[in-house]
Amino acid sequence: MADSFKKIQIQREDTTFDAYVVGKEDAPGIVVLQEWWGVDFEIKNHAIKISQLDPGFKALIPDLYRGKVGLDVAEAQHLMDNLDWQGAVKDIRASVNWLKANGSKKVGVTGFCMGGALSIASSVLVPEVDAAVAFYGVPSSELADPAQAKAPVQAHFGELDNFVGFSDVTAAKALEEKLKASGVPHEVHIYPGNAHAFMNRSPDGIQRRKGMGLPDEDEAAVELAWSRFKSWMTSHLSA
């Protein structure tokens, strides 16, 4: 599956970093942001899925961890704790601009967990972003205030998510209030009976979630979330 990705290097004002691209050359672009694990099998699965959604998108994964991947929760936590969040926003901006310079008239940003938080942050901090979809993650107030969002935001959360202040229902509802204040088009969806990272449906992803005490399996919720994602990105990224 990973063979369909093209590995590229993107120039930021102060450094370069690797990224992975898949999808139609001139399609609307979507920057796909990793979970705390890094650029692993699951984020690549998501990017391929996005590239294949009708009528087609060009998906780009920036490697925010510069090649490092967490193989267990402790490693992933360590990598996320050491992330330069401001630098990650610069990576996202450079990725959006690369897509716009390479055939995508409009570009959205999406992400999962840590990447979800960064997606919302990009709607505030990256003026070139045309739409954002966040899965179970809200940025810290130090990084970005969603009340200052400039691009349309859709967000998805599991009702049973217990990452307090980051992706639990209280955080989701607080995000919704902030987005109301921003005045941008927004949707916040909460999925009953679903826990954190409910979009991860590969066999390895399911095993990993079970190992973290997240045994819920709800294919209908996953399909509903993808259909909402597709509608949102299609409507906001059509030229």
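The values are calculated or read from the model by the stated rules, or taken from the named source; none is laboratory data. Note that the coordinates shown come from a computational prediction; the quantities given were computed from them, not determined experimentally. Here the Cβ positions follow ideal geometry from the backbone for every residue, glycine too, while neighbour counts run over all protein chains shown.
When you look at Asp91, is it over 16 Å from the mean Cα position of the chain (by Cα) and either acidic (Asp, Glu) or farther than 25 Å from Gln207 by Cα (or both), yes or no? Reasoning before the result, please.
Numbers: over 16 Å from the mean Cα position of the chain (by Cα): no; either acidic (Asp, Glu) or farther than 25 Å from Gln207 by Cα (or both): yes.
No: the conditions fail for Asp91.
Name the residues in the stretch 196-214 that are of a type outside the set (Phe, Trp, Tyr), in a loop (DSSP other than H, G, I, E, B) and touching a residue at least 12 places away in the same chain (Cβ under 8 Å), would you? Can you show your working first?
At the first step, the residues of the stretch 196-214 found to be of a type outside the set (Phe, Trp, Tyr) are 196-197, 199-214.
With in a loop (DSSP other than H, G, I, E, B) added as a condition, the list becomes 196-197, 199-202, 212-214.
Passing the criteria: His196, Ala197, Met199, Asn200, Arg201, Ser202, Met212, Leu214.
To keep it simple, each residue is scored yes or no on (1) touching a Lys or Arg at 6+ places or on another chain (Cβ under 8 Å); (2) over 20 Å from Ala47 (Cβ atoms); (3) among the small types (Gly, Ala, Ser); (4) surrounded by fewer than 22 Cβ atoms within 10 Å (Cβ to Cβ).
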site	(1), (2), (3), (4)
Asn82	no, yes, no, yes
Lys90	yes, yes, no, yes
Lys105	no, no, no, yes
Cys113	no, no, no, no
Val124	yes, yes, no, no
Pro127	yes, yes, no, yes
Ala147	yes, yes, yes, yes
Lys150	no, yes, no, yes
Asn162	no, yes, no, yes
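Given the criteria touching a Gly at 6+ places or on another chain (Cβ under 6 Å), at positive phi, touching a residue at least 12 places away in the same chain (Cβ under 8 Å) and among the hydroxyl-bearing types (Ser, Thr, Tyr), does Tyr191 qualify?
Spelling it out, it is not the case that Tyr191 is touching a Gly at 6+ places or on another chain (Cβ under 6 Å), at positive phi, touching a residue at least 12 places away in the same chain (Cβ under 8 Å) and among the hydroxyl-bearing types (Ser, Thr, Tyr).
Out of Gly38, Gly29, Gly56, I need the residue that is closer than 13 Å to Gly108 by Cβ and within 18 Å of the chain's Cα centre (by Cα). Which one?
Numbers: Gly38 fails: closer than 13 Å to Gly108 by Cβ; Gly56 fails: closer than 13 Å to Gly108 by Cβ.
None of the other options fit; the residue is Gly29.
Report whether or not Val109 is surrounded by fewer than 24 Cβ atoms within 10 Å (Cβ to Cβ), within 18 Å of Tyr65 (Cα to Cα) and in contact with a helix residue (DSSP H, G or I) (Cβ under 6 Å, 6 or more places away or on another chain). Spell out how you get there, then give the answer.
Numbers: surrounded by fewer than 24 Cβ atoms within 10 Å (Cβ to Cβ): no; within 18 Å of Tyr65 (Cα to Cα): yes; in contact with a helix residue (DSSP H, G or I) (Cβ under 6 Å, 6 or more places away or on another chain): yes.
No: the conditions fail for Val109.
One residue is enough: does the stretch 75-94 have a residue meeting the conditions in a strand (DSSP E or B) and in contact with a Ser or Thr (Cβ under 8 Å, 6 or more places away or on another chain)? I'd like the intermediate steps shown before the answer.
Residues of the stretch 75-94 that are in a strand (DSSP E or B), as a first pass: none.
There is no residue in the stretch 75-94 that is in a strand (DSSP E or B) and in contact with a Ser or Thr (Cβ under 8 Å, 6 or more places away or on another chain).
Go through the residues of the stretch 67-76 one by one and say whether even a single one is surrounded by fewer than 20 Cβ atoms within 10 Å (Cβ to Cβ) and over 25 Å from His196 (Cβ atoms). Can you show your working first?
Of the residues in the stretch 67-76, the ones surrounded by fewer than 20 Cβ atoms within 10 Å (Cβ to Cβ) are 67-75.
Those still in the list that are over 25 Å from His196 (Cβ atoms) too: 67.
Yes - at least one qualifying residue is present in the stretch 67-76.
State all residues of the stretch 187-223 that are farther than 24 Å from Asp40 by Cα and surrounded by fewer than 20 Cβ atoms within 10 Å (Cβ to Cβ); if no residue qualifies, say none. Before you say what the answer is, go through the steps one by one.
Within the stretch 187-223, the first condition is being farther than 24 Å from Asp40 by Cα, and the residues that meet it are 187-193, 220.
Selection gives Glu187, Val188, His189, Ile190, Pro192, Gly193, Ala220.
Please work out if Lys180 is modelled with pLDDT of 95 or more and touching a Leu at 6+ places or on another chain (Cβ under 6 Å).
Working: modelled with pLDDT of 95 or more: yes; touching a Leu at 6+ places or on another chain (Cβ under 6 Å): no.
When the stated conditions are applied, Lys180 does not pass them.
Test of understanding: among Gln86, Gln52, Gln34, Gln77, which residue is in contact with a Gly (Cβ under 6 Å, 6 or more places away or on another chain) and either modelled with pLDDT under 95 or among the polar types (S, T, N, Q) (or both)? Spell out the reasoning first.
Working: Gln86 fails: in contact with a Gly (Cβ under 6 Å, 6 or more places away or on another chain); Gln52 fails: in contact with a Gly (Cβ under 6 Å, 6 or more places away or on another chain); Gln77 fails: in contact with a Gly (Cβ under 6 Å, 6 or more places away or on another chain).
Result: Gln34 is the single residue among Gln86, Gln52, Gln34, Gln77 that is in contact with a Gly (Cβ under 6 Å, 6 or more places away or on another chain) and either modelled with pLDDT under 95 or among the polar types (S, T, N, Q) (or both).
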